[in-house]
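*Asks:* Got a structure here, written out as structure tokens. Questions coming.
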Amino acid sequence: MRRHKGDLSIIVLTVILMIVGLLVMYTIGPTRANFLNATYGSEYSDSYFFLHQLLSVGLAIFAFYLFNKIEYKKIAKYTNALFFASLGLCLILAIAQFSHLPIAKCELGACRWFSVSGISIQPAEFLKFSIVLYLASIFAKYKAESGELLKNMQFLTRFVLAVGLSLLFVVVIQKDLGSGLPIVVIALAILFVSGISFKSFALVLLAVLILGVGAIMTSSHRRERLWTYLGFSAASAEKEEEDGDAYHIENALIAIGTGGLFGVGIGNSVQATGYLPESINDSVFAILGEMFGFVGLLGLLFLFAWLLFRVLKVSDYSSDIQKSLIAVGVFAWIMTHLVVNIMSMTGITPLTGITLPLLSYGGTSMMAVAGALGLVYQISQYTSREIIIDSERESEEKPVYKKPIEQTNYTYRRRR
């Protein structure tokens with residue numbers, strides 16, 4: 001299939017969301033720096049967080065450009081290598097953690113970052129991207145060989161090992177359930193659209209639910225968050241004041257409530273002065289609600305919904321199984337971050353540390369998401385004129401397309 005004009009809305013929406021994140025960092029960065037300096041004796045400058053976020057945006061744009069320009073076949077060729085390299089980084093981090101090496105950065109009892117010359121790198125973010133590529137690859141390979149994937153033991157072995165090892169490093173060793181959730185949802189989404197029976201998918205969901213309950217109940221920190229959510233940790237006012245999770249959720253709700261309909265305005269956030277924990281990271285949605293109000297949050301949700309819709313459109317119009325599944329995986333990844341972050345900040349679910357894509361402070365997450373969107377944009381340049389149903393999709397090795405694409409005067413037709 002010849003290359004044609006891609007879905008430019010993916011680029012536009014990605015850039016807009018990054019600019020919103022930069023604006024937030026510009027307004028609350030100095031406040032955050034002053035709070036940390038006064039509390040912990042650090043020496044952050046007023047522009048520290050904004051400049052670092054600006055650098056992250058630059059690297060993210062480069063990642064988007066890189067995965068758009070590198071030919072998809074070359075990326076697909078090294079899918080396995082990228083996935084095992086990501087697992088290798090997690091293994092090195094685990095070794096550094098247990099060996100107490102300075103390259104392992106630990107906070108609140110969890111070691112999730114490499115720290116080299118003041119630069120922090122979170123390997124779990126690269127793992128999310130690589131597992132999308134890896135799972136799409138093995139699903140496309142074995143789907144072409146056999147109809148019922150769950151009856152293919154070779155496929156099951158590779159699938160279970162990939163997801164199991166990823167969750168072992170991220171959830172068990174790094175104690176990061178927030179990063180484990182997108183990995184699970186990515187696997188479930190790709191499994192669902194691959195065409196397995198409803199009964200088989202229901203059994204998989206049941207297994208995931210049992211493992212999820214086990215992951216919560218075997219961790220005292222996660223149990224405490226669950227009790228806080230259910231109200232068991234707030235038996236008295238004194239206890240509630242001591243409970244960090246209850247305090248976090250309460251101040252997030254105060255921030256959103258204070259914003260009202262149109263917000264208090266840019267630069268007027270009170271919660272960012274030190275009341276709301278992680279105001280530039282996991283809690284940035286609440287700060288946005290305080291500054292821009294309910295109307296501003298609706299606008300933000302519209303941008304994300306539009307972006308996710310365009311990613312799904314790429315999947316619908318892709319004639320290649322593997323490319324279609326990559327788009328589905330990226331959709332599930334971003335959707336999970338968005339939904340879990342918002343539900344945590346509004347008290348709908350127990351508090352879970354997870355970033356808001358393209359908005360939260362942090363370079364690794366932004367680079368990984370932008371790189372994935374860059375790949376989806378490249379895939380959008382090789383889509384069909386019509387929606388492709390599963391039975392008409394072919395693997396990369398033997399491409400057969402429903403309708404050829406003219407090289408000139410091609411427009412990405414909107415779905416009716």
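The values are calculated or read from the model by the stated rules, or taken from the named source; none is laboratory data. Small disclaimer: the values here were computed from a predicted structure and weren't measured. Positions of Cβ are generated from backbone atoms using ideal geometry, with glycine treated the same way; all protein chains shown enter the neighbour counts.
*Asks:* Quick check on my filter: what residues within region 40-53 are of a type outside the set (A, V, I, L, M, F, W, C), assigned to a helix (DSSP H, G or I) and free of Cβ contacts under 8 Å to residues at least 12 places away in the same chain?
*Replies:* Listed by number, the list holds a single entry, Tyr40.
*Asks:* When the residues of region 91-121 are narrowed to those that are of a type in the set (Ser, Thr, Tyr) and farther than 14 Å from Gly363 by Cα, which ends up surrounded by the most Cβ atoms within 10 Å (Cβ to Cβ)?
*Replies:* Ser99
*Asks:* Quick one: in region 41-58, of everything that is of a type in the set (A, V, I, L, M, F, W, C) and crowded, with 17+ Cβ neighbours inside 10 Å, which residue is nearest to Val369 (Cα to Cα)?
*Replies:* Val57
*Asks:* Something else about it: Yes or no: Ile11 without any contact (Cβ under 8 Å) to a residue 40 or more places away in the chain, farther than 14 Å from Ile280 by Cβ and assigned to a helix (DSSP H, G or I)?
*Replies:* No, not satisfied.
*Asks:* Which pairs have Cβ atoms under 6 Å, sit 6 or more apart or on different chains, and link a residue in region 343-368 that is crowded, with 24+ Cβ neighbours inside 10 Å to one that is assigned to a loop (DSSP other than H, G, I, E, B) and among the β-branched types (Val, Ile, Thr)?
*Replies:* Sorted first by the residue in region 343-368, then by its partner, the pairs are Ser344/Thr352; Tyr361/Ile280; Ser365/Thr355.
*Asks:* Condition test on Ser56, is it assigned to a helix (DSSP H, G or I) and at pLDDT below 95?
*Replies:* yes
*Asks:* In addition: Need the failing condition index for Tyr65 against (1) farther than 24 Å from Thr336 by Cβ; (2) free of Cβ contacts under 8 Å to residues at least 40 places away in the same chain; (3) under 21 Å from the mean Cα position of the chain (by Cα), just the number.
*Replies:* (2)
*Asks:* Against the condition surrounded by 21 or more Cβ atoms within 10 Å (Cβ to Cβ), among the small types (Gly, Ala, Ser) and over 20 Å from Leu177 (Cα atoms), how does Ala124 come out, does it pass?
*Replies:* Working: surrounded by 21 or more Cβ atoms within 10 Å (Cβ to Cβ): yes; among the small types (Gly, Ala, Ser): yes; over 20 Å from Leu177 (Cα atoms): no.
For Ala124, the condition - surrounded by 21 or more Cβ atoms within 10 Å (Cβ to Cβ), among the small types (Gly, Ala, Ser) and over 20 Å from Leu177 (Cα atoms) - is not met.
*Asks:* Might you let me know whether region 68-90 holds any residue that is farther than 21 Å from Ser318 by Cβ, in contact (Cβ under 8 Å) with a residue 60 or more places away in the chain and surrounded by fewer than 17 Cβ atoms within 10 Å (Cβ to Cβ)?
*Replies:* no
*Asks:* Let me ask you something else. Which members of region 364-390 meet the condition of being within 14 Å of Ala327 (Cβ to Cβ), part of a helix (DSSP H, G or I) and among the polar types (S, T, N, Q)?
*Replies:* If the condition is that a residue be within 14 Å of Ala327 (Cβ to Cβ), part of a helix (DSSP H, G or I) and among the polar types (S, T, N, Q), then Gln378, Ser380, Gln381 are the ones that fit.
*Asks:* Enumerate the helices (runs of 4 or more DSSP H) found wholly within region 145-230, keeping only those where 3 or more residues are β-branched (Val, Ile, Thr), surrounded by fewer than 17 Cβ atoms within 10 Å (Cβ to Cβ) and at pLDDT 80 or above.
*Replies:* 198-217
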